[in-house]
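These notes concern the structure reproduced below.
The values are calculated or read from the model by the stated rules, or taken from the named source; none is laboratory data. This one's a predicted model, so the numbers in the text were calculated from it and none came from an experiment. Neighbour counts are summed over all protein chains in view; Cβ atoms, including those assigned to glycine, are modelled from backbone coordinates with ideal geometry.
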Amino acid sequence: MDTDDLAATIQELKDINDLKQLKSRYCHLVDSGNWDELASLWTEDAECDYSFFGTFKGRDEIVNGFFRDQVGSVSSFNAHMLHNPLIEVDGDSASATWYVTAHTILQPFNKAMMMMGVYHDQYERIEGGWKISSLKVDFKYFTPFDEGWAKTPMWEMPS
């Protein structure tokens, strides 16, 4: 391996690690409800598809319309866990898929919920740092914890 190949490999590994840190930061900030810092992770024109929760365009709509208005008002606890990342870097663009499981407490029911899905993310390197430019969640289940994913389909919200 020559020095150019070695430098390219090191850069790719650094980019992959930076993207893992970005996604982990996203989960930590969502779980802590830190919407102001969460806003810094998105490109200005980012797009998000949260399945049956809605589609949001632009950083402000994502952070305010989804996280502040929906997540912040209906969940009193969130704990995201990421698994099995597949990350592809192509210069200043990247894509990734991640398995995600999460536990939450849904309000006003005080109902423990669990979800599993796959994130499909796109990233852009802007001014030397990675930002989320697109996020799509493919839910596999979103169900009451005490019933499990086999009993209650994800589209039936508890009452």
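Quick notes on this one:
- If the condition is being outside any helix (DSSP H, G or I) and surrounded by fewer than 16 Cβ atoms within 10 Å (Cβ to Cβ), then segment 34-62 contributes N34, S40, E44, D45, D49, G54, T55, K57.
So that you can scan it fast, the table gives a plain yes or no per residue for (1) modelled with pLDDT of 95 or more; (2) surrounded by 15 or more Cβ atoms within 10 Å (Cβ to Cβ); (3) of a type outside the set (S, T, Y); (4) under 23 Å from A46 (Cβ atoms):
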{"position": "S73", "(1), (2), (3), (4)": "no, no, no, yes"}
{"position": "P85", "(1), (2), (3), (4)": "yes, yes, yes, yes"}
{"position": "V89", "(1), (2), (3), (4)": "yes, yes, yes, yes"}
{"position": "M115", "(1), (2), (3), (4)": "no, yes, yes, yes"}
{"position": "Y123", "(1), (2), (3), (4)": "yes, yes, no, yes"}
{"position": "A150", "(1), (2), (3), (4)": "no, no, yes, no"}
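- The requirement of being touching a residue at least 60 places away in the same chain (Cβ under 8 Å) and among the β-branched types (V, I, T) is fulfilled somewhere in segment 6-26, by at least one residue.
- Scanning segment 67-84 for any residue that is in contact (Cβ under 8 Å) with a residue 60 or more places away in the chain, touching a Phe, Trp or Tyr at 6+ places or on another chain (Cβ under 9 Å) and under 30 Å from L13 (Cα atoms) turns up nothing.
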